[in-house]
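Reading through the structure tokens given below for one structure.
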Amino acid sequence: MNIELAWLERNLLLGAMLFGIGLVGAICRRNLIVVFLSIELVFQGAALSWAGWARWHGNVDGQVFVVFLIAVAACEAAIALALFVTIYHHWGRLDVLLGRQLREDTLPELESERFDDSVEQAPAPRWPRLPPAGVAPQVDPQSLNQRDRI
């Protein structure tokens with residue numbers, strides 16, 4: 001077996017695995033960040049396959065396209081981060097089903113598209129708070145004279 005053919009098969013197999021894992025993640029998950037990362041994984045799997053084919057055929061067109069794809073993915077990540085921050089500030093969570101609320105007011109809401117908002121998130125835990133700086137905490141004078149344990 002030719003070493004170049006083995007290298008191509010390994011690249012195509014890894015690219016297909018990345019593509020498949022990203023596709024399953026994008027379809028099955030509801031968190032916007034996880035869906036976005038899964039789509040990025042799909043792009044990287046395709047980029048790896050293009051780079052493998054470019055090396056197999058001996059031209060640099062595929063590698064140049066991969067560099068272009070990485071630059072586009074970086075710009076896409078910056079825009080997605082801004083969108084995620086805005087969505088989180090507006091709705092308080094990053095659920096894919098929140099996009100169903102972006103309808104025109106004139107369209108009737110379909111029964112099958114109603115968003116189930118009955119699941120409430122657990123309240124955030126209350127962490128202990130330190131007293132403000134410069135203020136001594138109140139101490140029971142009786143507890144200073146006795147110890148709980150010996």
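If the viscosity is 1.306 mPa s and the temperature 10 °C, what Stokes-Einstein diffusion coefficient in µm²/s follows for the range 1-83 when Rh is the Kirkwood radius over Cα pairs?
Values: Rh = 13.5 Å.
The diffusion coefficient I find is 117 µm²/s.
Extending each Cα 7 Å along its Cβ direction at Ala77 and Arg55, get the distance between those two points in nm, one decimal.
2.2
What ranking, highest mean first, results for peptides 89-96, 26-33, 133-140 when packing means the other Cβ atoms within 10 Å averaged over each residue?
Values: 89-96: 12.2, 26-33: 13.8, 133-140: 6.2.
Descending mean neighbour count gives 26-33, 89-96, 133-140.
Size of the dipole of the chain about the Cα centre, Lys and Arg at +1 and Asp and Glu at -1 on the beta carbon, nothing else charged, in debye to 20?
Roughly 680 debye, rounded to the nearest 20.
For the chain, I need the span (max minus min coordinate) of the C-alpha atoms along each principal axis, in Å, sorted largest to smallest.
Ordered largest first, the chain gives principal extents of 85, 58, 28 Å.
Could you check the simple spin-label distance between Ala124 and Tyr88, using points 7 Å along Cα→Cβ, in nm with one decimal?
1.1
Please report the relative contact order for the range 3-98, taking Cα pairs under 8 Å with a sequence separation of at least 6, and give it as a percent rounded to a whole number.
On the way: 94 pairs, mean separation 27.4, N = 96.
RCO, the range 3-98: 29 percent.
Applying the Karplus parametrisation 6.51 cos²θ - 1.76 cosθ + 1.60 with θ = phi - 60° to the phi angles of the range 41-48, what ³J(HN,Hα) value in whole Hz is obtained for each residue in order, glycine and proline being reported as x?
5, 4, 4, 5, x, 5, 5, 5
The numbers here are math on the coordinates, done by the rules we state, and not lab data. Every value quoted in this text rests on a predicted model; they were computed, and no experiment measured them. Because the Cβ atoms are built from the backbone with ideal geometry, glycine has one as well, and the counts that use them run over all protein chains shown.
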